[in-house]
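Contents: one structure, followed by commentary.
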Amino acid sequence: MRLQVGIGSFRELDYFLSAGADEFYCGLNAIPSHVEGARNFSSEEDILKAAAQARAAGRRMFFAANEVHAGLLASTAAAIKRLAAGGVDGVIVKDLALLDLLRRRRIKIPVILSTLACCLNAAALGFYRRYGVERLALPEQLTAAEAGELVRNPWGIETEVFLKSRECCLNFNGLCFLDCRGGLSNACRKEYRAGGKAFRMPAVTPEEHLGELHDYWRLGVQTLKVGRSPCEPMSKLIFRESAALAALLKAGASRADFVREALRVRRVFDRAYALVRRTL
Amino acid sequence: MTERAIALTPPEARAASPSLLRKYDRVYIGSSFCQNLLPEAEDLRRLRAAGARAVTLATPLLTGEGLARAAALVRAALRDERRLEVSVNDLGLLELLRRRYAGRVIPLLGRPVSRDFARMAPAFLRGFFRHYGIKMLETDEENIGGILPAAGLRLAFHYPYCCLAFTRLCPQPGAARDACRRPCGPGTELLGPAGEKLTLRGNAYFIGNKPPRLAAVRRLVYTPPAGRASKIVP
């Protein structure tokens with residue numbers, strides 16, 4: 001599996017280049033891209049410089065332009081056109097109006113459909129394919145079994161999956177309007193009271209997520225993706241854990257062996273995450 | 001004149017009295033949030049027989065399996081009905097309805113995806129609605145008038161709940177992600193650590209809302225308290 005990681009600075013680019021990332025994606029401060037507080041580049045020039053650096057190292061750089069409301073549509077399309085001409089390898093998009101505008105203006109750039117678009121079935125993927133989608137970030141709320149028809153789609157559209165054992169929204173992320181600060185303080189992780197009893201929004205266990213990661217890999221998902229957390233040390237840890245798990249998958253372990261070993265890896269990283277959290 | 005509708009899940013619809021159904025111009029059956037709450041074709045027949053004046057099938061985002069069930073349901077419903085109104089969230093279903101049933105199925109753009117669409121460029125929206133023959137945009141956002149000022153679209157407003165989030169990891173006791181057949185439990189009031197309030201209904205989290213006074217609102221859709229369809233007081 002390829003490893004893709006979200007970055008927001010040259011320092012992170014340098015770090016993840018040397019750590020073995022295959023692909024990068026980044027955002028621009030002026031264009032909303034979902035994660036509140038996510039680190040972004042401040043100018044198109046910086047993104048083009050970062051893309052050139054990635055390309056010189058044989059890697060690819062994508063640009064995330066999620067959640068583009070009407071007022072930003074034209075300026076976002078213009079920015080994407082400039083970035084495509086300058087060498088950015090693709091754009092990550094959720095918004096249908098932006099996809100439509102890119103198509104109408106004949107802006108030639110590979111499109112990755114964001115996980116936020118909630119594309120849950122092959123018919124929906126066929127719909128988006130007409131807008132030039134070449135790759136799909138699988139929705140986090142799908143199981144691997146349900147994602148089979150998307151991964152093995154008839155159009156050769158590639159797929160990506162997040163390391164859901166670390167980065168998975170409890171609700172449909174593209175349509176969630178609860179307070180969210182990218183893992184630092186989220187309404188969905190709080191403890192609520194319900195008639196005098198404690199209530200937490202349900203989550204999938206790490207063991208289930210890791211078993212599904214093996215299923216995704218067996219299905220043929222090409223890319224393991226690490227999101228842009230507002231916290232740089234956290235992104236580094238998630239990337240390193242992803243790299244360890246990708247190496248385990250490559251070694252060809254059975255599902256049961258993979259889950260057992262992946263849980264051992266997870267316990268090691270749990271300690272590191274706890275240390276980082278204490279510094280926040 | 002503003003049309004008045006009531007939204008019921010299949011178990012609520014089965015328990016609803018004819019006198020209740022006849023109070024409204026239209027009955028929504030299904031769910032905009034959970035594919036395990038798709039009704040059976042028989043549920044639609046029963047609603048008609050019980051006196052529902054018009055029926056809208058509510059559908060959520062759909063997995064491949066859910067889409068197959070929704071498509072089969074529409075096919076079966078169109079054996080009984082000349083035309084069928086369907087509230088759609090899934091773009092795969094929307095495309096399928098256009099290709100197979102243009103003119104017989106009248107789509108509405110459902111909530112929650114309408115939140116995104118309402119923020120898209122008005123020119124795009126008008127073209128999209130025209131292409132798919134979409135009759136109305138459904139919303140539960142009180143400030144929709146400020147979000148969607150220029151598109152000239154007709155609105156169906158859902159109250160008294162505004163959805164903030166929904167999940168496939170259903171909080172209802174005993175619910176399963178892929179094959180839940182249990183009726184949802186009663187609504188639950190949740191209180192957060194900072195005093196924030198949410199209402200849990202089925203697999204979705206809501207806050208309260210009230211219909212705005214807008215000329216574009218052509219339909220008001222009332223959702224009764226969960227699990228109490230037989231005691232509904234509008």
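Can you list the residues, at least 5 places off or on another chain, whose amide H is less than 5 Å from the amide H of residue B:84, using H built in the peptide plane?
B:105, B:106
Explain nothing, just compute: Karplus ³J(HN,Hα) = 6.51 cos²θ - 1.76 cosθ + 1.60, θ = phi - 60°, for every residue of the stretch B:148-155 in order, whole Hz, x for Gly and Pro.
Each residue's phi maps through the Karplus curve to give 10, x, 10, 6, x, 9, 7, 10 Hz.
Amide H of residue A:64: which non-local residues (sequence gap of 5 or more, or other chain) have their own amide H closer than 5 Å, using H built in the peptide plane?
Answer set, sorted by chain and number: A:26, A:27, A:92.
Could you tell me which of A:107, A:159, A:175 has its Cα farthest along the dipole of the stretch A:87-233 towards the positive end, charges placed at Cβ (Lys, Arg +1; Asp, Glu -1), taken about the Cα centre?
About the Cα centre, the residue reaching furthest to the positive side is A:107.
Per residue of the stretch A:207-212, in order, report the coupling 6.51 cos²θ - 1.76 cosθ + 1.60 (Karplus, θ = phi - 60°) as ³J(HN,Hα) in whole Hz, putting x for Gly and Pro.
4, 5, 4, 5, x, 5
Each label point is 7 Å from the Cα along the Cα-to-Cβ direction; what then is the distance between the points at residue A:11 and residue A:265, in nm?
About 2.7 nm, to one decimal.
When the helices in the protein assembly as shown are scored as -39500 (n - 2.57) per DSSP H run of 4 or longer and the sum is shared across all residues, what 222 nm value do you end up with, to the nearest 500 deg cm²/dmol?
Values: 17 runs with 187 residues, N = 514.
Taken over the protein assembly as shown, the calculation gives -11000 deg cm²/dmol.
Using a 7 Å offset from the Cα along the Cα-to-Cβ direction at both residue A:2 and residue B:68, what is the distance between the two label points in nm, to one decimal?
Rounded to a tenth, the inter-label distance reads 3.1 nm.
Once phi is turned into ³J(HN,Hα) by the Karplus curve 6.51 cos²θ - 1.76 cosθ + 1.60 with θ = phi - 60°, what whole-Hz value does each residue of the stretch B:43-59 show in order, with x for glycine and proline?
5, 5, 4, 4, 4, 4, 5, 7, x, 4, 6, 8, 10, 10, 8, 8, 10
Report the FRET efficiency, 1/(1 + (r/R0)^6), for residue B:48 and residue B:154, where r is their Cβ-Cβ distance and R0 is 25 Å, rounded to 0.05. Display every interim value, and only then the final one.
Working: r = 24 Å, r/R0 = 0.98.
With a Förster radius of 25 Å, E is 0.55.
Using a cut-off of 9 Å between beta-carbons, work out the net charge of the residues near residue B:64 (Lys and Arg +1, Asp and Glu -1, residue B:64 not included).
On the way: positive: none; negative: A:146, A:149, B:65.
Taking every other residue near residue B:64 into account, the sum is -3.
Here are some pairs, A:49/A:108; B:135/B:197; A:94/A:236; A:94/A:197; A:81/A:164; A:49/A:250; which of them have Cα atoms lying more than 28 Å apart in this structure?
B:135/B:197; A:94/A:197; A:81/A:164; A:49/A:250
Modelled label-to-label distance, residue A:251 and residue B:147, 7 Å Cα→beta-carbon offset: nm?
A separation of 4.8 nm, rounded to one decimal place.
Please give the contour-minus-distance gain from residue A:207 to residue A:49: 0.36 nm per residue of separation, less the Cα-Cα distance, rounded to one decimal in nm. Before the final figure, lay out the partial values.
Details: separation 158, 0.36 × 158 = 56.88 nm, distance 4.00 nm.
Gain on extension, residue A:207 to residue A:49, equals 52.9 nm.
Which net charge results when you count Lys and Arg as +1 and Asp and Glu as -1 among the other residues whose beta-carbon is under 15 Å from that of residue A:263? Numbers along the way, then the final one.
Details: positive: A:164, A:166, A:255, A:260, A:264, A:266, A:267, A:271; negative: A:207, A:208, A:212, A:241, A:257, A:261, A:270.
So the environment of residue A:263 carries a net charge of +1.
Quote to one decimal, in nm, the extra length available between residue A:191 and residue A:56 on full extension: 0.36 nm per residue of separation minus the C-alpha distance between them.
Numbers: separation 135, 0.36 × 135 = 48.60 nm, distance 4.74 nm.
Working it through step by step, the gained length comes to 43.9 nm.
None of the figures in this text is laboratory data; all of them are computed from the coordinates on show. Note that the structure is predicted; figures quoted are calculated from it, not measured. Neighbour counts are summed over all protein chains in view; Cβ atoms, including those assigned to glycine, are modelled from backbone coordinates with ideal geometry.
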